[in-house]
Amino acid sequence: MSLPSAQDYALSRIRLYDRCHRLRRVADGGTMTETKRGWAGFWSAGRWWKAVLLIAVYWGVYQLLGLLFGTVFASQIDRGNLLDPGTLFFGEIIPILISGLLLLLFARSVGWLKDLFGPQPVPRRPWMWLAVVLVLIPIVIRLVATEWSAYSVVTVLTILLLGVCVGFTEELATRGIVVTMLRKGGRGERWAFVLSSLLFALLHSGNILSGQAPVLVLITVIYTFGFGAMMYLSLRATGRLYWAMLLHAATDPTTILATGGIDGHSASAGSAGLIGFAGLFNWVYIIFALVAIFLIKRRHEGERTHPGHSGADAR
């Protein structure tokens, strides 16, 4: 048997070198997968500006859908009664639902469905369960405070459906796709926590286009940053994205039903005392979010964690 020539040996080394650069180890039982290229590779090489780009496109599509359905179904929408079932369905539910389905198609196109809806690849921390409790308490309070006799069954069911669509879509966009993208790009958990919460908050700055006062929009953005932080911590505590979706889905409808309006109060508002007490948790969210920034330790860039990894640096 003849020995390989120096040229053959050199070629084999080049092929091995090239293969080592095309393969990377992922935290999936130590298996080897080829680095993605093209469309999926672009988004998997997550950078902060790509997350901003994705959210900006999502927001733009949502606004266009709202304008489209608001025009096509103008006869079904009563601008003077935002809690009218027809107004909610055609003006709010359909645009946010279609936006969510488009996000789901995007996630499927880049192969992230398992990453999004599977177990979280970072360790849980006991202190993060406090966020879940802090979100649940005002939900219960608002349920008690709601003047249920002021609403028809159809109105209540429509508002609940709106909550499900909002919770699904907004959590899929921010705590789902944005967090996954940043992790795949080697960003640390602290970075994912802050940026996903900030982008979630900025999504609500668009309320100014509906005529809301700038001061009210600013307060909403500050509050939603805190609430977004609670959703990230709920994601980490429960280990599943759908729990954050459900918590979010329960928050918006109970707020609307208790206050009697969307981003406001009306004559159908329930107990003012209980509603006011529940509102105090908005400030608790903000304070806890600021504290959590320091409790969540930054991983070294490019380091991966997975279920069973004890990495204290991913706290």
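The values are calculated or read from the model by the stated rules, or taken from the named source; none is laboratory data. Keep in mind that this is a model prediction, so the values were computed, not measured. Here Cβ is always computed from backbone atoms with ideal geometry, including for glycine, and neighbour counts include all displayed protein chains.
So is Y232 assigned to a helix (DSSP H, G or I), touching a residue at least 24 places away in the same chain (Cβ under 8 Å) and buried (at least 18 other Cβ atoms within 10 Å of the Cβ) or not? Let's see the steps before the verdict.
Working: assigned to a helix (DSSP H, G or I): yes; touching a residue at least 24 places away in the same chain (Cβ under 8 Å): yes; buried (at least 18 other Cβ atoms within 10 Å of the Cβ): yes.
For Y232, the condition - assigned to a helix (DSSP H, G or I), touching a residue at least 24 places away in the same chain (Cβ under 8 Å) and buried (at least 18 other Cβ atoms within 10 Å of the Cβ) - is met.
Report yes if T158 is surrounded by 21 or more Cβ atoms within 10 Å (Cβ to Cβ) and under 20 Å from A56 (Cβ atoms), otherwise no.
no
For the stretch 69-99, name all the residues that are without any contact (Cβ under 8 Å) to a residue 24 or more places away in the chain, in a helix (DSSP H, G or I) and surrounded by fewer than 19 Cβ atoms within 10 Å (Cβ to Cβ).
G70, T71, V72, A74, S75, Q76, G86
So, of the residues in the stretch 180-195 that are under 20 Å from L104 (Cα atoms) and touching a Phe, Trp or Tyr at 6+ places or on another chain (Cβ under 7 Å), which turns out to be surrounded by the fewest Cβ atoms within 10 Å (Cβ to Cβ)?
L182
Out of all the residues in the stretch 97-110, which are touching a helix residue (DSSP H, G or I) at 6+ places or on another chain (Cβ under 6 Å) and over 15 Å from V57 (Cβ atoms)? Quick ask: steps written out before the conclusion?
Initially, the stretch 97-110 is screened for residues touching a helix residue (DSSP H, G or I) at 6+ places or on another chain (Cβ under 6 Å), giving 97-100, 103, 107, 110.
L97 - this is the single residue of the stretch 97-110 that is touching a helix residue (DSSP H, G or I) at 6+ places or on another chain (Cβ under 6 Å) and over 15 Å from V57 (Cβ atoms).
With respect to G239, determine if the residue is modelled with pLDDT under 95 and among the small types (G, A, S). Full working, then the answer.
Values: modelled with pLDDT under 95: no; among the small types (G, A, S): yes.
Criteria not met by G239.
Would you check if there is a residue in the stretch 208-223 being closer than 21 Å to R183 by Cα and within 16 Å of the chain's Cα centre (by Cα)?
To start, the set of residues in the stretch 208-223 that are closer than 21 Å to R183 by Cα comprises none.
Checking the stretch 208-223: not a single residue is closer than 21 Å to R183 by Cα and within 16 Å of the chain's Cα centre (by Cα).
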